[in-house]
Amino acid sequence: MDDEIARPPEHTAYIGLGSNMEDRERYLREAMRRLEDHPAIRITGQSGIYETDPVGYTEQDPFLNMVIEVRTSLSAQALFGRMVNTEQALGRQRDIRWGPRTIDLDLLLFDDCSQDDPALILPHPRMLERAFVLVPLLEVMQKSAPEQAARLNPYVERAEGKEGVKLWRKI
């Protein structure tokens, strides 16, 4: 008889975090804490924090953005649900598209999953167009998934707003 307890399979996911209201860094840290409070979510990597110019709706304060890598036994939908709950707990309002927010959590990648469900599109549909996502994503991936990072690297040059992405703080 096997003494080991069967564990559910683990997945690797990358989550983009952004905030441009009040104490931006506190919102990023609190979102990470709330995600990792779930027993099936473990943060295994994180980028530095980047200050970025707003994209889309530009009449707002600059954002702090970062990307975390997580290992989880949750499905993509369950992880996404936890992310939405975290946004709500931290006061996220969806009044203006691409407008100011206390916290924004985007599920960028979930293993090699590709899906076009209206509730959750994977990979994130605008990920390759946005430097504020790609720069911190590549920073995290270069440590744990360098081959995947190399495939995404050419998109940074074509990404919108790359001149407005500045390293704000290393963690």
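Of the residues making up the stretch 139-171, just one is β-branched (Val, Ile, Thr), more than 18 Å from residue 62 (Cβ to Cβ) and touching a Ser or Thr at 6+ places or on another chain (Cβ under 7 Å), namely 140. Being touching a residue at least 40 places away in the same chain (Cβ under 8 Å), of a type in the set (Lys, Arg) and open to solvent by 60 Å² or more (accessible area, probe 1.4 Å) is a property that residue 7 has. The criterion of being modelled with pLDDT under 95 and open to solvent by less than 30 Å² (accessible area, probe 1.4 Å) holds for residue 152.
Table: residues versus (1) touching a helix residue (DSSP H, G or I) at 6+ places or on another chain (Cβ under 8 Å); (2) without any contact (Cβ under 8 Å) to a residue 40 or more places away in the chain; (3) small (Gly, Ala, Ser).
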| site | (1), (2), (3) |
| --- | --- |
| 105 | yes, no, no |
| 108 | yes, no, no |
| 128 | yes, yes, no |
| 140 | no, no, no |
| 146 | no, yes, no |
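Residues of the stretch 1-17 that are charged (D, E, K, R) and at pLDDT below 70: 2, 3, 4.
Open to solvent by less than 30 Å² (accessible area, probe 1.4 Å) and over 18 Å from residue 137 (Cα atoms): which single residue out of 41, 49 fits that description?
Being open to solvent by less than 30 Å² (accessible area, probe 1.4 Å) and over 18 Å from residue 137 (Cα atoms) holds for just one of 41, 49, which is 41.
Regarding residue 69, is this residue of a type in the set (D, E, K, R), open to solvent by less than 20 Å² (accessible area, probe 1.4 Å) and in contact with a helix residue (DSSP H, G or I) (Cβ under 6 Å, 6 or more places away or on another chain)? So residue 69 fits the description; yes.
The values are calculated or read from the model by the stated rules, or taken from the named source; none is laboratory data. The model shown is predicted, which means the values in this text are computed figures rather than measured ones. Positions of Cβ are backbone-derived with ideal geometry, glycine not excepted, and every protein chain shown enters the neighbour counts. These accessible areas exclude ligands, DNA and RNA; they are computed on the full protein's heavy atoms, side chains included. Shrake-Rupley method; radii C 1.70, N 1.55, O 1.52, S 1.80 Å.
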